[in-house]
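The values are calculated or read from the model by the stated rules, or taken from the named source; none is laboratory data. If you're wondering where the values come from, they're calculated on a predicted model, not measured in any experiment. Backbone-built Cβ (ideal geometry, glycine too); neighbour counts: all protein chains shown. What goes into the accessible areas is simple: the full protein's heavy atoms, side chains included, and nothing from ligands, DNA or RNA. Shrake-Rupley method; radii C 1.70, N 1.55, O 1.52, S 1.80 Å.
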Amino acid sequence: MSITLGPESISIECLPQQQVRKRTVSESYEQNQKRDLAQIGRRTQSVANDMTGLPKNTLKKQAMFNSFLEKQEEEPEIVEKISSWKSIPCLGILFIFLATVMYQGGSVLAKKMNINPILMILFRDVMTASFNLPFVIQSKQTPFPKGKRTLIVIRGVSVGILLMAHFYAVRYLPMADVMMIAAIKPVFVTLLSCIFLKEACGVMEILNLLLVISGLFLVVQPSIIFGTNTQEYTSHMMYTAVGLLVANAQGGVISVIIRYLKDMHWANLAISTRIFTILETFSVCLSMGLFCIPECGFE
């Protein structure tokens with residue numbers, strides 16, 4: 001037996017089958033693609049509807065949280081270091097204690113030195129600014145951000161006045177009297193925080209203010225009230241005590257501004273203050289002719 005296949009049979013039988021198969025595959029692919037796109041569109045629309053229903057504050061918080069998660073994935077080591085620092089109990093109180101001990105130790109050393117106290121502040125601030133400079137470079141932030149420059153200037157000027165008055169009083173007043181007069185600063189910090197930061201001010205704060213003021217009168221013992229002064233306060237010492245009192249009173253704004261500028265890097269806050277104290281002390285030393293080299297290497 002022999003079977004002959006001509007070109008006509010091939011064209012009649014094979015070609016239509018191939019054409020039907022191609023059409024079926026293309027149609028099913030297009031249908032699947034349209035179905036997938038429709039599902040994606042419905043999901044996107046539902047998510048968009050949910051997002052538009054949320055308030056703006058919630059959207060901002062969600063965006064901030066998402067950015068935090070991204071940074072946490074990129075920098076896990078930094079997050080671990082921060083969490084390890086936060087795990088130390090009473091770390092802030094420990095820093096405050098160390099800062100207080102070092103500050104009061106500096107006051108004792110200033111009383112023993114022969115160099116002018118204002119010139120000593122100038123030398124100290126220049127060295128402190130040089131220590132803070134690497135941390136400022138590492139933070140990659142400006143010490144004078146927009147919108148906060150006025151507060152930074154007020155804080156810098158106030159710190160300069162307080163430092164000059166404090167170390168000048170340390171040189172010419174008894175240390176116990178200086179510490180007692182300086183105790184009025186927390187009272188003004190509390191009052192100013194109640195006014196500007198809207199913090200609570202109760203009976204205990206008012207009682208503390210009355211106790212500090214009464215303690216100041218007992219320490220200084222003005223002749224108008226006590227008559228003869230047993231501590232032999234001269235007029236110069238009295239003016240120094242009054243100046244220290246005023247300086248500590250205006251110095252209460254320092255802590256309030258630091259609390260308000262808590263989002264700034266600590267190194268930027270420190271170096272901005274050092275810049276103003278250096279300018280203030282340099283101007284005072286230049287006008288009074290106080291520039292001199294210390295008498296010995298120990299100073």
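Give me the net charge of ILE275's neighbourhood, meaning all other residues with Cβ under 15 Å from the Cβ of ILE275; Lys, Arg count +1, Asp, Glu -1. Could the numbers behind the result be given before it?
Values: positive: ARG124, LYS148, ARG149, ARG155, ARG274; negative: ASP125, GLU280.
Result for the neighbourhood of ILE275: +3.
Each Lys or Arg adds one and each Asp or Glu subtracts one; over the other residues with Cβ under 10 Å from the Cβ of PHE167, this totals +3.
For the stretch 107-141, the set of trypsin sites (Lys or Arg not before Pro) satisfying both a DSSP loop assignment and a count of at most 16 other C-beta atoms within 10 Å is given as LYS140. Only protein heavy atoms count here; under a 1.4 Å probe, LEU210 has an accessible surface of about 110 Å². Residues LYS185, LYS146, ordered by accessible area of protein heavy atoms at a 1.4 angstrom probe radius and largest first, appear as LYS146, LYS185.
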